[in-house]
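Below is a structure I'd like to ask you about.
The values are calculated or read from the model by the stated rules, or taken from the named source; none is laboratory data. Predicted, not measured: the structure shown is a model, and the values here were computed from it. Cβ placement follows ideal geometry from the backbone for every residue including glycine, while neighbour counts extend to all protein chains displayed. Accessible surface areas use protein heavy atoms only, side chains included; no ligands, DNA or RNA. Shrake-Rupley method; radii C 1.70, N 1.55, O 1.52, S 1.80 Å.
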Amino acid sequence: SGYKDTKGTETIKFLSLNEIANIPSDRTVTYARIVVDYRPQKTDPNRVRITVGGNLIDYPFELTTRTADLTTSKVMWNSVISTPGARYACADVKNFYLCTPLDRPEYMRMPINLIPQEFIDLYDLTPKVKNGYVYMEINKGMYGLPQSGILSNKLLKERLEKYGYSELPHTPGLFKHETRPVWFTLVVDDFGIKYIGRENAEHLLAALKDFYEVEIDWEGELYCGITLKWNYDGKYVDISMPNYVRKQLLRYRHSAPKRKQNCPFEPNAIHYGKRSDDLVPEEVSPELDKTGKKHIQQVVGSFLYYARAVDMTILHALSEIASNQAKPTERTLERVQQFLDYMHAHSDAVIRFRASDMILNVHSDASYLTASRGRSRAGGYFFLGSIPRDGHPIKLNGNVAITCAILKRVAASAAEAELGALFVNVQDAKVIRLILEELGHRQPPIPVHIDNTTCVGIVNNTIKRQKSRSMEKSYFWLLDQATQDLFKFIHQPGQENLGDYPTKAHNGAGHDHARPYYIHMPNSPTLLPRAMTPSARRGCAELLADPYHKKVPLPTVP
């Protein structure tokens, strides 16, 4: 039979009855699970794995593994399309965990009746059976072991360091060669490689092939479940997750609605005048049972990655539903049904990243008292472009990150809510700034667009602060960022602020109007018209006069 010719990995060892009696007392003998899956992108799509019941294993050492996050990958894709001569490839290491020796053995057992007779004969398992089980000593990494990730990651770093590759200090999962123009992001065993010159990418692959079996996709079309369509001549890349939504709708057996749903979450009624700041009353509805609660949590969990990756138009709806998932009601279930109806009509979102100057732009906004229990929402849109210039419209680009969150602290005014949202967004922007600079894209003071003049005056220290001194003190960290020239806070009218959209629910017409600005569609504009306020003109003039731009000439804006 063919299995007899298969090269073993020496991952496990079947134990004799005497060896079973000598299992250390500080180890828990866990169970084995057989997992069957179909992975069409793999060379062998039919996957059968024996995994370890890791929930029973008590590993006393560090388990946290540094891997690249979605924002790092998005910044990398922008960098590839914006760097002359750069290309992108994906690589996958086969049996990544199975190649890693453990720092201590673990143990598991498996019913003998689950093992085919030919394997029982091959390994002479019959005399090793105890109470219907065979026991195994695990000496190399296996799927399910809690320590597999960190041990495999450490070993990979040690091996690649000998070839000149090291992880950059401030960005988890981002690696660079010490001299060659090669960078890559690492998520478990998936490599997303930016390179200039194929021979440099081949150097990385040769280093990996010294220790692992490697599958390479030179087209760079699939990374962590996200499909990438590169157009190097046109200087753009489209990212999407085709068929993901359809699979989830089939999973929840949700049939298409009779009428097209263009609104993922029903907005609250609008009040004007004295009632404009009234709190939204809590809806009273019967609480769901455990089955209903689990359904709500599954829907939120299964769509959150999709929303962060490609379709930010559903983030507000998911956030509102998630805020009630601990104690969901029948009204929450109605919200979920409306959300799934919306996904039927908007199932294949695409984001387009265009070549740019790789300058981080941030649009920050807040909505006051729009969340439950008198709380406010923060919204932020992060994209890569150029320094905003007077008289020139902003070039639209796909998001590398989105803020859609409820502020932890209750704001006492709209200005404090705006300041709180700005605090959240600038904290995230500092992280993205580090990613960009470690990829070689030096950043000027990052332009942050805000539509509240009081908030801009506070952070730029241009207004006399009296009542604002009662605001949350940590928010005034923003003044330090402005003083250090790390950020430039600019006032922009609300209708031109891309951070406004995720702060509140909109009706169907509002979604139809705004969606082309955030999702790439046939009618998507490439420019955002700008009617700059005097303060915005002054802010941009100061940015353009910065010494950074005297050294690096600005590109011509058409």
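Test ARG308 against the criterion of being charged (D, E, K, R), within 22 Å of LEU70 (Cβ to Cβ), in contact (Cβ under 8 Å) with a residue 12 or more places away in the chain and touching a helix residue (DSSP H, G or I) at 6+ places or on another chain (Cβ under 9 Å), and give yes or no.
Numbers: charged (D, E, K, R): yes; within 22 Å of LEU70 (Cβ to Cβ): yes; in contact (Cβ under 8 Å) with a residue 12 or more places away in the chain: yes; touching a helix residue (DSSP H, G or I) at 6+ places or on another chain (Cβ under 9 Å): yes.
When the stated conditions are applied, ARG308 passes them.
To continue, here is another question. Determine, yes or no, whether ASP357 is over 30 Å from PRO257 (Cβ atoms), part of a loop (DSSP other than H, G, I, E, B) and in contact with a helix residue (DSSP H, G or I) (Cβ under 6 Å, 6 or more places away or on another chain).
Spelling it out, it is not the case that ASP357 is over 30 Å from PRO257 (Cβ atoms), part of a loop (DSSP other than H, G, I, E, B) and in contact with a helix residue (DSSP H, G or I) (Cβ under 6 Å, 6 or more places away or on another chain).
Still on this structure, please answer the following. In this structure, does LEU56 turn out to be surrounded by 21 or more Cβ atoms within 10 Å (Cβ to Cβ), out of contact with any His (no Cβ under 7 Å at 6 or more places or on another chain) and of a type in the set (A, V, I, L, M)?
No; evaluated as a whole, the condition is false for this residue.
Moving on. Would you call LEU304 open to solvent by 50 Å² or more (accessible area, probe 1.4 Å), under 29 Å from the mean Cα position of the chain (by Cα) and at pLDDT 90 or above?
Working: open to solvent by 50 Å² or more (accessible area, probe 1.4 Å): yes; under 29 Å from the mean Cα position of the chain (by Cα): yes; at pLDDT 90 or above: yes.
In short, yes.
Are any of the residues in segment 188-203 within 21 Å of THR64 (Cα to Cα), of a type in the set (A, V, I, L, M) and touching a residue at least 12 places away in the same chain (Cβ under 8 Å)?
Yes; the residues of segment 188-203 include at least one that is within 21 Å of THR64 (Cα to Cα), of a type in the set (A, V, I, L, M) and touching a residue at least 12 places away in the same chain (Cβ under 8 Å).
Which residues, taken from segment 371-417, are at pLDDT below 80 and either polar (S, T, N, Q) or within 22 Å of SER79 (Cβ to Cβ) (or both)?
SER372
Right, next: How many of the residues in segment 316-343 are in contact (Cβ under 8 Å) with a residue 60 or more places away in the chain and outside any helix (DSSP H, G or I)?
1
So VAL36 ticks every box in (1) under 30 Å from LYS209 (Cβ atoms); (2) in contact (Cβ under 8 Å) with a residue 60 or more places away in the chain; (3) β-branched (Val, Ile, Thr) but one. Which box is left unticked?
Failed condition: (2).
Quick test of your reading of the structure: PHE211 fulfils all but one of (1) among the aromatic types (Phe, Trp, Tyr); (2) closer than 17 Å to MET76 by Cβ; (3) open to solvent by 60 Å² or more (accessible area, probe 1.4 Å). Name the failing condition by number.
Failing condition for PHE211: (2).
Then there's this: Could you check segment 213-246 and list, in sequence order, the residues that are of a type in the set (A, V, I, L, M), within 16 Å of the chain's Cα centre (by Cα) and closer than 18 Å to HIS520 by Cα?
Step one: of segment 213-246, the residues of a type in the set (A, V, I, L, M) are 214, 216, 222, 226, 228, 237, 239, 241, 245.
Among the residues that remain, those that are also within 16 Å of the chain's Cα centre (by Cα) are: 222, 226, 228, 239, 241.
Once the filter is applied, which keeps residues that are of a type in the set (A, V, I, L, M), within 16 Å of the chain's Cα centre (by Cα) and closer than 18 Å to HIS520 by Cα, segment 213-246 yields ILE226, LEU228, ILE239, MET241.
On to the next question. Which one of SER386, SER413, SER364 is open to solvent by 10 Å² or more (accessible area, probe 1.4 Å) and within 23 Å of PRO516 (Cβ to Cβ)? It would help to see each step written out before you state the result.
Working: SER413 fails: within 23 Å of PRO516 (Cβ to Cβ); SER364 fails: open to solvent by 10 Å² or more (accessible area, probe 1.4 Å).
Of the residues listed, the single one that is open to solvent by 10 Å² or more (accessible area, probe 1.4 Å) and within 23 Å of PRO516 (Cβ to Cβ) is SER386.
If you don't mind, there's one more thing I want to ask. Does any residue of segment 230-246 turn out to be open to solvent by 60 Å² or more (accessible area, probe 1.4 Å) and assigned to a strand (DSSP E or B)?
Kept after step one, since they are open to solvent by 60 Å² or more (accessible area, probe 1.4 Å), are these residues of segment 230-246: 232-233, 235, 242-243, 246.
Now drop any that are not assigned to a strand (DSSP E or B), which leaves none.
For segment 230-246, residues open to solvent by 60 Å² or more (accessible area, probe 1.4 Å) and assigned to a strand (DSSP E or B): absent.
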